[in-house]
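See below for the structure under consideration.
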Number of protein chains: 2
Amino acid sequence: MSSGVTATTAPTPSASPAPPASSLPGGARERLVQAAARLFSTQGVHVGVDAVCREAGVSKRSMYQLFTSKEELVAASLVAQLPARAAELLPPDEVRDPRARILHVFERQEALEPGNDFLGCPFLSAAVEVKTSEHPAAAVVRDQKAGLASFFAHEAARAGVADAELLARQLMVVFDGASSASVVSARPLEGLGVLTARMLLEAAGSERPQ
Amino acid sequence: MSSGVTATTAPTPSASPAPPASSLPGGARERLVQAAARLFSTQGVHVGVDAVCREAGVSKRSMYQLFTSKEELVAASLVAQLPARAAELLPPDEVRDPRARILHVFERQEALEPGNDFLGCPFLSAAVEVKTSEHPAAAVVRDQKAGLASFFAHEAARAGVADAELLARQLMVVFDGASSASVVSARPLEGLGVLTARMLLEAAGSERPQ
């Protein structure tokens with residue numbers, strides 16, 4: 001019930017059934033998706049399929065047997081990052097207080113950015129880069145963001161917030177704005193996201209823990 | 001005194017002195033910068049110089065006489081957008097109340113996005129896309145964001161906010177987060193940025209207008 005992000009059903013990256021990775025020599029699909037995630041995150045989604053194939057050690061012909069388009073490879077590279085991203089951001093079950101569970105996400109966001117070279121949220125970056133909401137990757141990003149918003153709304157309701165959905169949307173603004181501030185400044189946020197989230201929680205009338 | 005954004009001194013896009021645009025046939029520099037701004041904003045800063053030169057009707061040789069690198073062309077294309085962006089976002093002098101002046105920016109941001117195909121802030125997008133704070137374009141973005149933050153801080157101080165600098169940083173988080181929400185959802189914000197900014201203004205103890 002606290003797995004808002006992972007619970008999101010990501011759109012299937014390929015509409016036509018691709019052969020399962022396990023049936024392919026050396027896990028070509030897995031290697032392609034991992035190489036794509038690495039290159040697209042650090043250099044941008046405009047990186048060409050040639051570079052991804054080279055990095056993965058997979059032929060372009062094999063790539064196009066697995067993905068009908070570059071767009072699908074971009075989407076699949078994001079889907080592959082969903083579980084790790086959720087694990088990075090969401091609180092462990094031991095954290096029980098709903099306010100603490102929400103603030104944990106902002107603490108983790110700030111803690112992760114220096115090790116991420118201040119590249120910001122990889123999902124948000126992909127949405128910015130693809131330039132159209134019609135891109136299959138944009139759908140993955142919408143779902144990932146909706147998953148995190150659901151987590152916030154669930155915890156906000158537990159914290160006694162009257163309009164938990166609205167607060168969740170505001171917390172998403174803070175989350176993505178803090179990610180953007182990391183990218184722009186390339187410096188630690190010094191608690192800016194956590195503090196802003198806390199102020200909105202209080203303004204929304206959440207109950208302080210006993 | 002209310003021109004925080006325009007008052008920002010943008011870094012000179014070229015370290016070596018380029019010939020003034022007026023000395024060039026047909027204003028090659030101006031045409032290049034405008035074409036670059038158009039293509040980089042709508043397609044991303046990875047668009048090649050060949051495409052920019054074609055769009056501008058300027059030879060690549062001429063381009064490299066004006067800009068020592070693609071990076072400098074990206075930075076110059078952002079510098080060229082600073083005045084129009086400030087005019088789009090900042091309140092007219094007739095708006096006197098500092099809270100109203102701050103909220104005006106968020107109202108304008110929301111109003112502009114549908115006509116902008118929900119591409120978000122062009123400065124933020126460039127910072128996300130260049131992937132390194134060392135890029136000359138990243139310096140232009142930092143200055144543009146610092147200019148808007150200065151405007152917020154100035155008005156917040158006028159509104160009686162004790163820690164106007166902190167509130168300004170938070171308002172920047174809301175501004176860039178609302179921009180991101182526009183990109184992700186590709187739908188109007190329905191007042192989300194304005195409402196969130198207003199709540200932070202109130203939480204920070206700004207005085208309501210008489």
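Just so it is clear, none of the values below were taken in a lab; they were calculated from the coordinates. It should be emphasised that the depicted structure is a prediction, and the values quoted were computed from it without experimental measurement. All Cβ positions, glycine included, derive from the backbone under ideal geometry; neighbour counts span all protein chains shown.
Normalised by the residues of chain B, what does the relative contact order come to in percent, with Cα pairs under 8 Å and at least six apart?
25 percent
Using only the Cα atoms of the stretch B:78-210, build the gyration tensor, take square roots of its eigenvalues as a ≥ b ≥ c, and label the shape rounded, prolate or oblate: rounded if a/c is under 1.5, else prolate if a/b is larger than b/c, else oblate.
Note, shape of the stretch B:78-210 comes out prolate.
What average count of beta carbons from other chains do you get within 10 Å of the Cβ of residues in A:131-142?
For peptide A:131-142, the averaged partner shielding equals 3.
Obtain the nm distance between the two label points defined at residue B:69 and residue A:134 by a simple spin-label model: each point lies 7 Å from its Cα along the Cα-to-C-beta direction.
3.6 nm
To the nearest 10 degrees, how steeply does helix A:164-185 sit against the main Cα axis of chain A, on a 0 to 90 scale?
Relative to chain A, helix A:164-185 is tipped by roughly 60 degrees.
Relative to the first principal axis of the alpha-carbon coordinates of chain A, what is the inclination of helix A:192-203, with its axis defined by its Cα atoms, in degrees from 0 to 90 and to the nearest 10?
That helix lies at roughly 50 degrees to the long axis.
Please state, to two decimals, what the Cα-based radius of gyration of the stretch A:135-210 comes to when divided by 2.2 N^0.38 Å (N = residues).
The reported ratio for this selection is 1.20.
Can you tell me the length gained on complete extension of the stretch residue B:207 to residue B:111, counting 0.36 nm per residue apart and subtracting the Cα distance?
Extra length from residue B:207 to residue B:111 when fully extended: 32.0 nm.
With respect to the axis carrying A onto B, what is the closest chain A residue by Cβ position, and how many angstrom separate it from the axis?
Nearest to the symmetry axis by Cβ: A:177, 1.
Which lysines have a Cα less than 26 Å from the Cα of residue A:70, not counting those fewer than 8 places away in the same chain?
A:60, A:131, A:145, B:70, B:131
Sorting B:70, A:60, A:131 on the 10 Å Cβ count, fewest up front, what's the list?
A:60, B:70, A:131
Do any GluC sites (Glu not before Pro) in the stretch B:56-159 lie in a DSSP loop with no more than 13 other beta carbon atoms within 10 Å, and if so, which?
Within the stretch B:56-159, the qualifying GluC sites (Glu not before Pro) (loop, at most 13 other Cβ atoms within 10 Å) are B:94, B:134.
Using a ≥ b ≥ c from the Cα gyration tensor of the stretch A:108-154 (square roots of the eigenvalues), is it rounded, prolate or oblate, where a/c under 1.5 gives rounded and otherwise the larger of a/b and b/c decides, a/b for prolate?
oblate
Wrap a convex hull around the Cα atoms of the protein assembly as shown, take a quarter of its surface area, and give that in square nanometres.
Value for the protein assembly as shown: 22.7 nm².
Count, for each residue of A:117-129, the Cβ atoms from other chains sitting within 10 Å of its Cβ, then give me the mean as a whole number. Working shown, then result.
On the way: counts 3, 4, 3, 5, 2, 0, 1, 7, 5, 1, 8, 14, 8.
The per-residue average across the peptide is 5.
Would you mind computing, in nm to one decimal, how far apart the modelled labels at residue A:187 and residue B:100 are, each placed 7 Å from Cα along Cα→Cβ?
3.5 nm
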